[in-house]
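S.K.: Here it is, the structure in full.
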Amino acid sequence: MPESRETQDTQTSETVEELKLAAVAALDSAESEEQLEIWRVDFMGRKGRLTGLLRGLGGLEIDERKIVGAAANRLRGELEVLFEGRVSQSRSTQTPVGSIDITLPGRKPSLGGLHPSTQVVREITQAFNEMGFQTVEGPEVELEKYNFDMLNIPASHPARDMFDTFWVDSDTHDDILLRTHTSPMQARVMESNDPPIRVVVPGKCYRYESTDATHEWQFNQIEGLAVDEGITFADLKGTLYEFARRIFGPSQKVRFRCDYFPFVEPGVDMSIEWKGDWLEIMGAGMVHPKVLENAGYDSTKYTGFAFGMGPERISMLRNEIADIRHFFANDLRFLTQF
Ligand code: FA5
């Protein structure tokens, strides 16, 4: 008896073992979800091979049935775990049409950068911010009143010719233009604020000019305005000298010469010494009493200074850029050098 039992145990447990080997090999070679499903039906389904084996247990002796039944149930558990693993592996490596291929190696995303005009505008406004000037911005589409009249340039004034103007077509208005300079913000800031005022105004300006290496029809300006009791020309010179030191270096020489702008009196231009030459970088002056009065200020009590510069021209000097038109040509070979 003991001998015969041993023989039978070995035979039936081998059957479970054989089924296990066959099931694992077939599972390994299943390559798609369809083939996995076929495997599931073959081995684990109601009419599958494992179920067949369990059904055959009824013909065994009670003791044998217990042993083989336990082995078969263990196998069922193992095969279920293996099957689930293969299904989730197959789902995670599938790349549906049109989706991202997650198996591709990583690539560095290309990063954008600040436009060279923005960089120099920010550098200059920050220098003035550190000296107590606040940055404000204003409209590029402007009224004639602010661009000219309030700045002491009435309609018949010959100084209007200095600013070749783009006028905006409108059925209802004939006084809308693209601002030719940032100076209209002098009038706007004074109109809605009381002194003391210290502001810088960066922004785009437009002039109906033919272009060349130093002239664009669109360019940036940075306006400055300080108004208070007791402001003198010495304050103007001291502020602009400090600006030049911060932007061009501590030993930068500057020069002021008389110039004419209808909204300042006296008016000057400021040049910097550059490679043995004097190069003009901005217009400036003491705010004209009429401009103060146009804004409702008492010109016997308040004085002020104003200035306006072209940041692209300053960037051209520092970076040895030969032609201002590079700034707006949108050529990445130029733009990515900054
Ligand atoms: C003015 O526009 C005055 N509003 C400046 C000013 C403000 C004077 C406050 C006094 C008090 P001007 O036309 O010179 O001035 O222009 C000032 C700067 O803008 C120039 O020095 C130059 O750097 C820049 N600029 C003028 N026209 C162009 C242009 N077509 N292309 C590029 N930059 C220009």
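S.K.: Can you compute the modelled spin-label distance between GLU209 and ASP277, with each label point 7 Å from Cα toward Cβ, in nm?
M.R.: Each label point is offset 7 Å from its Cα along the Cβ direction, giving 1.6 nm.
S.K.: Could you list log10 I(q)/I(0) for the range 5-92 at q = 0.12 Å⁻¹, which the Debye formula gives when each Cα is one point scatterer?
M.R.: -0.38
S.K.: Right, another one. Test of the criteria: in the range 277-313, which trypsin sites (Lys or Arg not before Pro) are in a DSSP loop and have at most 14 other Cβ atoms within 10 angstrom of their Cβ?
M.R.: When the trypsin sites (Lys or Arg not before Pro) of the range 277-313 are filtered for loop state and at most 14 Cβ neighbours within 10 Å, LYS301 remain.
S.K.: Further, regarding this structure: Please give the contour-minus-distance gain from ARG46 to ARG333: 0.36 nm per residue of separation, less the Cα-Cα distance, rounded to one decimal in nm.
M.R.: 96.4 nm
S.K.: While we're looking at this one, here's another question. Could you work out how far helix 116-130 tilts from the main Cα principal axis of the chain, as a 0 to 90 degree angle to the nearest 10?
M.R.: So the helix axis and the longest Cα principal axis differ by about 70 degrees.
S.K.: How about the range 32-88: which GluC sites (Glu not before Pro) there are in a DSSP loop, with at most 14 other Cβ atoms within 10 Å of their Cβ?
M.R.: Here the sparse-neighbourhood loop sites are GLU61.
S.K.: Viscosity 0.692 mPa s, temperature 37 °C: what is the translational diffusion coefficient of the chain from Stokes-Einstein with a Kirkwood Rh over Cα pairs, rounded to a whole number of µm²/s?
M.R.: 122
S.K.: Further question: Would you mind listing how long the range 228-338 runs along its three principal axes, going by Cα atoms, in whole Å with the largest first?
M.R.: Answer, in whole Å and largest first: 54, 31, 21 Å.
S.K.: Right, here's the next one. Taking the Cα centre of the chain as origin and charging only Cβ (+1 Lys, Arg; -1 Asp, Glu), how large is the dipole, in debye to the nearest 20?
M.R.: So the magnitude is around 760 debye.
S.K.: Listing VAL81, VAL16 from the residue with the fewest other Cβ atoms within 10 Å to the one with the most, what is the order?
M.R.: VAL81, VAL16
S.K.: Restricting to Cα pairs below 8 Å that are 6+ residues apart, what does the relative contact order work out to for the range 116-335? Please round to a whole percent.
M.R.: Relative CO of the range 116-335 lands at 22 percent.
S.K.: Label GLN218 and SER110 with points 7 Å out from Cα along Cα→Cβ: what is the distance between them in nm?
M.R.: That separation, rounded to one decimal, is 2.2 nm.
S.K.: Just how many % of Cα pairs in the range 134-257 lie over 23 Å apart, if you round to the nearest whole percent?
M.R.: The proportion of pairs with Cα distances above 23 Å equals 43 percent.
Every read-out reported here was derived from the displayed coordinates using simple, explicitly stated rules and does not represent laboratory data. Since we're looking at a predicted model, the values are computed, not measured. Note that we place each Cβ from the backbone using ideal geometry, even for glycine, and neighbour counts take in every protein chain shown.
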